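**Q** Quick one: structure below, then a few questions.
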Amino acid sequence: SALGDIIVDADNMSTINASVIAASLAVSVSGSTGVGVSIGVAIARNFIGQDRGGNDDAVNVHAYIEDSNVVSTGGNLDVTADASQSIHSLTFAGSAAVAGGSTGVAVSGSGVWNENTVNVNVLAAIDGDLGTGAVAAEADNITVAATNSSEISALAGAASVAVAGHGPCSGVGW
């Protein structure tokens, strides 16, 4: 029992800000055969509520009254749980290959992997009483609310260029 307001509140705000940028350049110049090979790869794995293996390990944000009799005299009872996880991820890979010679061969490739997960369990509750038959909660106003405003924003991109010059030439980029 309490005189006035009773507040039970749980909040969690976890944030990941990640930028992964990879760049690769190969240049080959020869009097005979010039071969330039370049590969750029960027990988971002951002987890809130999972382990590195991708197994669930949820973040628990719980506000609750269990097996109790709560009485607010002349006040309110608020039981709230708020989760606000965020992941902001930028992943970019770039690659360039330049080759020159009597025969020029240039090969370039780039790729990205951007994996983001938020796993959160939000709970607000009044559950049970003391087993006496009394009301579990009494107050002027009772609020029980759980909110999850988690968000993920991700941008991933890759660029690749291959240039070969002089004599018989070939260039491949992907």
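The values are calculated or read from the model by the stated rules, or taken from the named source; none is laboratory data. Fair warning: this is a prediction, and the values are worked out from it, not measured in the lab. Backbone-built Cβ (ideal geometry, glycine too); neighbour counts: all protein chains shown. Note: accessible area is taken over every heavy atom of the protein model, side chains too, but ligands, DNA and RNA are not part of it. Shrake-Rupley method; radii C 1.70, N 1.55, O 1.52, S 1.80 Å.
**Q** Against the conditions (1) of a type in the set (S, T, N, Q); (2) surrounded by 18 or more Cβ atoms within 10 Å (Cβ to Cβ); (3) free of Cβ contacts under 8 Å to residues at least 24 places away in the same chain, where does ASN114 fall short? Just the number, please.
**A** (3)
**Q** Could you grab me the full set of residues in segment 99-134 that are modelled with pLDDT under 85 and outside any strand (DSSP E or B)?
**A** GLY101, SER102, GLY128, ASP129, LEU130, GLY131, THR132, GLY133, ALA134
**Q** Checking GLY40 against (1) under 25 Å from ALA158 (Cβ atoms); (2) within 21 Å of the chain's Cα centre (by Cα); (3) crowded, with 18+ Cβ neighbours inside 10 Å, which single condition isn't satisfied?
**A** The failed condition is (2).
**Q** Identify all residues within segment 135-158 that are in a loop (DSSP other than H, G, I, E, B), of a type outside the set (A, V, I, L, M, F, W, C) and open to solvent by less than 60 Å² (accessible area, probe 1.4 Å); write none if there are none.
**A** Result: SER150, single match.
**Q** When the residues of segment 46-95 are filtered to those that are on the phi > 0 side of the Ramachandran plot and open to solvent by less than 60 Å² (accessible area, probe 1.4 Å), which remaining residue is modelled with the lowest pLDDT?
**A** GLY54
**Q** For segment 8-37: of the residues being of a type outside the set (Asp, Glu) and within 30 Å of ILE142 (Cβ to Cβ), which is surrounded by the fewest Cβ atoms within 10 Å (Cβ to Cβ)?
**A** Out of the qualifying residues, it is MET13.
**Q** Could you check segment 1-68 for strands (runs of 3 or more DSSP E) lying wholly inside it with 3 or more residues that are among the small types (Gly, Ala, Ser)?
**A** Counting at least 3 such residues, we get 15-29, 33-48.
**Q** On to the next question. Which residues, taken from segment 74-98, are more than 30 Å from GLY111 (Cα to Cα) and either outside any strand (DSSP E or B) or under 26 Å from the mean Cα position of the chain (by Cα) (or both)?
**A** First, pick out the residues of segment 74-98 that are more than 30 Å from GLY111 (Cα to Cα): 74-84.
Within segment 74-98, GLY74, GLY75, ASN76, THR80, ALA81, ASP82, ALA83, SER84 qualify.
**Q** Still on this model: Considering only segment 119-130, I want to know if a residue exists there that is closer than 22 Å to ALA22 by Cβ, among the aliphatic types (A, V, I, L, M) and open to solvent by 10 Å² or more (accessible area, probe 1.4 Å).
**A** No - not one qualifying residue is present in segment 119-130.
**Q** Follow-up. Can you name the condition, by its number, that GLY53 falls short on among (1) of a type outside the set (S, T, N, Q); (2) touching a residue at least 40 places away in the same chain (Cβ under 8 Å); (3) over 20 Å from ASN12 (Cβ atoms)?
**A** Result: GLY53 passes all but (2).
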